[in-house]
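Step one of this worksheet: look at the structure below.
The values are calculated or read from the model by the stated rules, or taken from the named source; none is laboratory data. All of these numbers come straight from a predicted model, not from anything done at the bench. Cβ: placed from backbone, ideal geometry, glycine included. Neighbour counts: every protein chain shown.
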Amino acid sequence: MRTRRFEALLLAASLALAVTPAAPAVAQPKAAPAKPSSTATLLERAQGMFDDQRYEESIQTLTAALVRPGNTADDKIAILKLLAYNDIAMGRNEEADAAVRAIYVTNEDYELEKSESPRFRDFFKKSKEAWIAEGKPGKTETGTAPGPSESIKIQYSPPAQAEIDTIVKIEGKVEDAGAQVEKVQLAVKNAKGKYEERPLIFSMGSFRGEIPAASVQPPLVEYYILALDGNGLPLASRGDVDAPLRIAVPQKSTPIGKNPAFWIPFSIGVVGVGVLIGVLVYTQTQDSPVGPQPLAKVTIKLGE
């Protein structure tokens, strides 16, 4: 009878030890590359942003569309038109004028529809008149518009991982046989999910700069690099707002003694050991020839 009682109590003690949960594993973030959207998708998205008066976001989305390979002349005109509308709405007249001129370089006979706002129609008219008066700069015999070119490439390799709250250096080169690139720009996503633009130092075909430590937070840093002409129009990109470059930023590990996940299973294990000791002491006293004896007091302190 006592043997069965002992076996039952021993089984209970063993179960107390067996149910000890394992400390949860910390998942490491993966900086998987994003798949770029089509020009049509980006245009639709940018139009929605423009309608909602989110002009900066619309411009960044249009920039991504403009550097997509394989754009037709009609694609470029649609992108540049909406780009000009955003700039006009923001009062950025020089940038808007550059976009409008690029349209006429592509198609000198292009005209806005009469249903368009007089504000936009007047701006386009004045820009075209000034462009013609200046001798149609940028116009070629083939009518090729300035813009993204396969001959312009940004050479840059992003790191796979960075430590939290550390500066990430940005260094690279631009292949540009025609010397069209005049500045290089970095855009980093902030905590609010918006991209903040900052210039990079660009000289002799090389650029350098940094992502500030405050922007290097788990789980990822998302950013892109743009090569721009003198009018601020994009010529090439390494990543973009739709398919950014990504760097994994793991969480800081917690010392084992300070991790609650360590103490929970440890405490349960100690309790289980205490139960086992109690079983053994109780059994021994029951089997004593002089009869049951008082159990010894067992004091267990956790966390020491």
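Miscellaneous remarks
- Hits in region 233-257 - residues which are buried (at least 19 other Cβ atoms within 10 Å of the Cβ) and in a loop (DSSP other than H, G, I, E, B): Leu233, Gly239, Asp240, Val241, Asp242, Pro244, Val249
- In region 116-132, the condition of being at pLDDT 95 or above, of a type in the set (A, V, I, L, M, F, W, C) and in the same structural domain as Gly205 (by TED's automatic domain parsing) is met by no residue.
- Comparison of Tyr104, Tyr55, Tyr85 shows that the only residue that is over 25 Å from Arg198 (Cα atoms) and surrounded by 17 or more Cβ atoms within 10 Å (Cβ to Cβ) is Tyr104.
- Total residues in region 144-174, condition at pLDDT 95 or above and over 24 Å from the mean Cα position of the chain (by Cα): 0
- Subset of region 191-232 that is of a type in the set (Asp, Glu) and part of a strand (DSSP E or B) - its residue that is nearest to the chain's Cα centre (by Cα): Glu222
- Leading residue by the ranking (farthest from the chain's Cα centre (by Cα)) among those in region 88-101 that are hydrophobic (A, V, I, L, M, F, W, C) and surrounded by fewer than 19 Cβ atoms within 10 Å (Cβ to Cβ): Ala89
- Yes/no for Asp74 being surrounded by fewer than 22 Cβ atoms within 10 Å (Cβ to Cβ), within 13 Å of Gly232 (Cβ to Cβ) and either among the charged types (D, E, K, R) or in the same structural domain as Leu226 (by TED's automatic domain parsing) (or both): no
For (1) within 25 Å of Ser151 (Cα to Cα); (2) touching a residue at least 12 places away in the same chain (Cβ under 8 Å); (3) among the charged types (D, E, K, R), each residue gets a yes or a no:
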{"position": "Tyr55", "(1), (2), (3)": "no, yes, no"}
{"position": "Ser58", "(1), (2), (3)": "no, yes, no"}
{"position": "Ala65", "(1), (2), (3)": "yes, yes, no"}
{"position": "Ala73", "(1), (2), (3)": "yes, yes, no"}
{"position": "Ala84", "(1), (2), (3)": "no, yes, no"}
{"position": "Asp87", "(1), (2), (3)": "no, yes, yes"}
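- Selection count where residues are in contact (Cβ under 8 Å) with a residue 40 or more places away in the chain and either under 19 Å from Gln251 (Cα atoms) or in contact with a helix residue (DSSP H, G or I) (Cβ under 9 Å, 6 or more places away or on another chain) (or both), scope region 172-196: 4
- Residue count for region 49-69, restricted to those that are part of a loop (DSSP other than H, G, I, E, B) and in contact with a helix residue (DSSP H, G or I) (Cβ under 8 Å, 6 or more places away or on another chain): 2.
- Residue, nearest to the chain's Cα centre (by Cα), within region 177-190, restricted to residues that are surrounded by 18 or more Cβ atoms within 10 Å (Cβ to Cβ) and among the aliphatic types (A, V, I, L, M): Val188
- Residue in region 150-169 that is over 30 Å from Val249 (Cα atoms) and in contact with an Asp or Glu (Cβ under 9 Å, 6 or more places away or on another chain) present: yes
- Considering region 181-220, and only residues there that are polar (S, T, N, Q) and closer than 25 Å to Tyr55 by Cα, the residue that is modelled with the lowest pLDDT turns out to be Asn190.
- No other residue among Ala25, Ala89, Ala12, Ala46 is farther than 24 Å from Arg246 by Cα and either modelled with pLDDT of 95 or more or not in a helix (DSSP H, G or I) (or both) apart from Ala89.
- Residue list for region 102-131, filter: aliphatic (A, V, I, L, M) and under 36 Å from the mean Cα position of the chain (by Cα): Ala102, Ile103, Val105
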